[in-house]
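The values are calculated or read from the model by the stated rules, or taken from the named source; none is laboratory data. Predicted model, so just to flag it, every value in this text is computed and none were measured. Using ideal geometry, Cβ is built from the backbone for each residue, glycine included, and neighbour counts are taken over all protein chains shown. We work out accessible area using only protein heavy atoms, side chains counted, and drop any ligands, DNA or RNA first. Shrake-Rupley method; radii C 1.70, N 1.55, O 1.52, S 1.80 Å.
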Amino acid sequence: MSTSSPPSSRRLAGKTTLVTGAATGIGQAVAKRFAAEGARVVIADRDAAAAERATTQIGPSARAAVMDISDEPSVEAAFAELTEAGWSPDVVVANAGIQLFGQDAKAGDLDLEVWRRTIDVNLTGTFLTVKHAVRSMLAATPTGGSIILTGSPTGLNGEGADFTAYSASKAGIHGLTRTVAAAYAGSGIRVNTVVPAYTETSLVSTISDDPEARASIIGRIPLGRAGAPRDVEGVMVFLASDDAEFATGALFAVDGGMTTL
Ligand SMILES: NC(=O)c1ccc[n+]([C@@H]2O[C@H](COP(=O)([O-])OP(=O)(O)OC[C@H]3O[C@@H](n4cnc5c(N)ncnc54)[C@H](O)[C@@H]3O)[C@@H](O)[C@H]2O)c1
């Protein structure tokens with residue numbers, strides 16, 4: 001298994017991209033890869049200090065945007081500021097999300113407040129990101145762009161039996177993909193979702209730090225290993241690029257075969 005980043009082909013030269021949840025984890029890896037592929041990258045996150053750090057690591061082709069995706073005025077203001085600065089994105093990756101380990105549960109045991117917090121960020125927040133991305137892309141000349149969402153195997157099957165809110169939020173994202181793709185195809189806006197498997201980031205440290213839980217989840221991945229943030233970069237570069245001009249409304253699993261089971 002190679003651990004080095006694949007060589008850059010500068011497939012995204014000339015594009016401005018925005019990645020939510022880019023201060024850490026999968027989003028940060030994608031943002032760095034987009035920059036290596038020649039794009040300008042907006043590191044959008046609610047954690048201002050971490051977003052600044054990630055931006056500094058990339059250099060002048062990156063800028064930070066502090067936004068809480070679950071708060072519409074915050075999302076709207078961030079997009080307005082980017083337009084003002086000449087950084088309207090051609091590509092938006094709506095990737096930020098939360099998973100409330102120790103709180104999310106089977107339906108009969110799930111507090112409404114935990115359900116609401118999860119749906120607020122993962123589904124409503126993704127919707128708000130998509131809403132303002134679409135508005136920004138419709139205002140561009142010519143109109144168009146690529147929107148990429150981050151789904152999960154838990155939104156497709158019973159993989160997340162103990163995570164009712166998280167799984168429902170991800171199923172909602174999968175549905176949003178198709179509806180928004182169909183609605184805006186005529187304006188040249190493509191919408192697709194990437195479905196990563198269990199990927200070792202701080203989000204899932206509860207599993208990664210527990211050898212038994214880790215072995216159990218890896219046992220459900222046919223390719224026999226955990227995912228890494230770099231695993232999703234390549235497919236996101238493809239979906240962001242003009243090579244994907246005929247791809248819309250689709251789910252792209254990069255999950256080591258997890259959703260085949
Ligand atoms: N790690 C996995 O196993 C896995 C598997 C499938 C899907 N995913 C999805 O991938 C995406 C990224 O997850 P990750 O593993 O990189 O997690 P992570 O916790 O490492 O990163 C998530 C980022 O989102 C930001 N964020 C959280 N809430 C926000 C909000 N309201 N507004 C703006 N930013 C916010 C956080 O500050 C953080 O930088 C999530 O949507 C997650 O559900 C992760």
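Derived scalar couplings between HN and Hα for segment 78-84 equal 5, 5, 4, 5, 5, 4, 4 Hz in order, rounded to whole Hz, by the Karplus curve 6.51 cos²θ - 1.76 cosθ + 1.60 (θ = phi - 60°), x for Gly and Pro.
Per-residue packing, averaged as other Cβ atoms within 10 Å, sorts the ranges 206-216, 13-23, 169-179 into the order 13-23, 169-179, 206-216, beginning with the highest. Rolling a 1.4 angstrom probe over the chain with all protein chains present gives an accessible area of which 53% lies on carbon and sulfur atoms. In this structure, the amide hydrogen of VAL42, modeled 1.01 Å from its nitrogen in the peptide plane, lies closer than 5 angstrom to those of THR17, LEU18, VAL19, ARG63, counting only residues at least 5 positions away or on a different chain. Per-residue Karplus couplings for segment 151-159, computed as 6.51 cos²θ - 1.76 cosθ + 1.60 with θ equal to phi - 60°, are listed in order as x, 6, x, 5, x, 10, 9, x, 3 Hz, Gly and Pro entered as x.
Taking a straight Cα-Cα cut-off under 24 Å and skipping sequence neighbours fewer than 8 places away in the same chain, the lysines within cross-link reach of LYS32 are LYS15.
The H on the amide N of PHE163, modeled in the peptide plane, is under 5 Å from the matching H of no residue at least 5 residues off or on a different chain.
Per-residue 3J(HN,Hα) values for segment 219-228, derived from phi via the Karplus relation 6.51 cos²θ - 1.76 cosθ + 1.60 with θ = phi - 60°, read x, 9, 10, x, 6, x, 8, 6, x, 10 Hz in sequence order (x marks Gly and Pro).
Counting only residues at least eight positions apart within a chain, or on another chain, the lysines with an alpha carbon under 18 Å from that of LYS170 are LYS106, LYS131. Neighbours of ALA250, meaning other residues whose beta-carbon lies under 12 angstrom from its beta-carbon, give a summed charge of +2 when Lys and Arg score +1 and Asp and Glu score -1.
The local environment of MET137, defined by Cβ-Cβ distances under 13 Å, has a net charge of +3 under the rule Lys, Arg +1 and Asp, Glu -1. What you get for the chain, charging only the Cβ of Lys and Arg (+1) and of Asp and Glu (-1), is a dipole of about 680 debye around the Cα centre. Relative to the longest principal axis of the Cα atoms of the chain, the long axis of helix 25-36 lies at roughly 30 degrees. Around the amide H of PHE252, modelled in the peptide plane, lie the amide H atoms of THR193, VAL194, VAL195, all under 5 Å away and 5 or more residues distant in sequence or on another chain.
Over segment 174-261, accessible surface divided per residue gives 47 Å², non-protein components excluded, 1.4 Å probe.
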